[in-house]
Amino acid sequence: PECQTQAPVGVICPECMREQRASAPRTKPAVVTRFRSAAERGAPVVTYALIGITAFIYLLQWVIPGGVVTNELFFSPVFMTELMFEPWRALTSVFLHSTSLIFHILLNMYTLWIFGRLLEPMLGRIRFLALYLISGLAGSVGVVVFAAPNSQVLGASGAIFGLMGAFVVIQRRLGGNMTQLYILLAINLAIGFIPGANISWQAHLGGLIGGALVGLIFFETRSRSSRSLQIGLLIGLAIALVAIGIFVARWKIGAL
């Protein structure tokens, strides 16, 4: 009796149960199935994934008390020095947002959704992800270069401005109408200089420059024969950004 497995009708012996389980079709979670289906339809799944990860981390910021998530992931130039060498924060801070201002994450994710649907199908998923991450890194380096050494930043704004910068470069190279893009970019940059707005224009500027450089690399190495050169230039740019951040941070803090 202890070996019997109850079935809707009668019992099943252990050997039969193992055979049934081995031959049974494997089911996957609904979210995985829907994500794969969306990818097969050509939907911007990387954009959706970035929004989902950011929203999940924002939820953790609310759920876990004491600001633990924020304290572990935010960025400051000091994290590029030997005092507290944690350079990965230059990227983790991109997925954080202010819990005191929900408009912060809503605006950034809405802008990501708009430009993600434009750029991801154009560039491809891997290139789009590289653009987003390198732009976020460039935004943090912009804070190191242009802001005070004790500055503390969080948010996806640097990466978002990188998407804008790349889109402007690519559209300009393709001969598109740039007037509306320039106006949108100028308005968003100007907002960062409003007194008391507590917005890091340094991250915006850094992300914009980094994204523009990535967009230029993508356009100039768009042929299939230049694939290796493109990868090398992207890696080189990321390394250069990290090196600039470390050098400037150590120089600024060492000079205090």
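The values are calculated or read from the model by the stated rules, or taken from the named source; none is laboratory data. Just so you know, these numbers come straight off a predicted model, no measurement behind them. Here the Cβ positions follow ideal geometry from the backbone for every residue, glycine too, while neighbour counts run over all protein chains shown. Heads up: the accessible areas ignore ligands, DNA and RNA and are worked out on the full protein's heavy atoms, side chains in. Shrake-Rupley method; radii C 1.70, N 1.55, O 1.52, S 1.80 Å.
A few points about this structure:
- Size of the range 126-256: Rg and Dmax of its alpha carbons, in Å, are 15.4, 50.
- Of all the options Ala148, Ala22, Ala130, the one that moves most in a Gaussian network model of the chain with Cα springs shorter than 10 angstrom is Ala22.
- Per-residue SASA entry for Val11, accessible area with 1.4 Å probe, Å² rounded to 10: 80
- Choice from Trp201, Trp62, Trp113 showing the highest fluctuation, given a GNM over the chain with Cα pairs closer than 10 Å: Trp62
- Note on the range 155-210: Rg/Rh from Cα positions, Kirkwood definition for Rh, rounded to two decimals, is 1.01.
- Debye equation applied to the C-alpha atoms of the chain, log10 I(q)/I(0) at 0.08, 0.11, 0.14, 0.15 Å⁻¹: -0.41, -0.65, -0.95, -1.08
- Each helix, a run of at least 4 DSSP H residues, gives -39500 (n - 2.57); summed and divided by the residues of the chain, these come to -22500 deg cm²/dmol at 222 nm.
- Inter-part distance where the range 75-150 and the range 186-256 are each reduced to a Cα centre, Å: 10
- Sulfur and carbon atoms: percent of accessible area, the chain [1.4 Å]: 67
- List Leu118, Leu185, ordered by accessible area with a 1.4 Å probe, largest first: Leu118, Leu185
- Cβ charges +1 (Lys, Arg) and -1 (Asp, Glu), total dipole of the chain, debye: 740
- Amide H contacts under 5 Å for Phe75, placed H, 5+ residues apart: Val153
- Backbone amide hydrogens, once placed in the peptide plane, bring Thr81 within less than 5 Å of Glu86, excluding anything fewer than 5 places away on its chain.
- Solvent-accessible area per residue for the chain (1.4 angstrom probe, square angstrom): 57
- For peptides 92-98, 222-228, 154-160, sequence by mean Cβ density within 10 Å, most packed first: 154-160, 92-98, 222-228
- Among Tyr132, Tyr48, the order of accessible area from largest down is Tyr48, Tyr132, computed with a 1.4 Å probe on protein heavy atoms.
- Using alpha-carbon coordinates, inclination of helix 125-146 to the longest axis of the chain, degrees: 40
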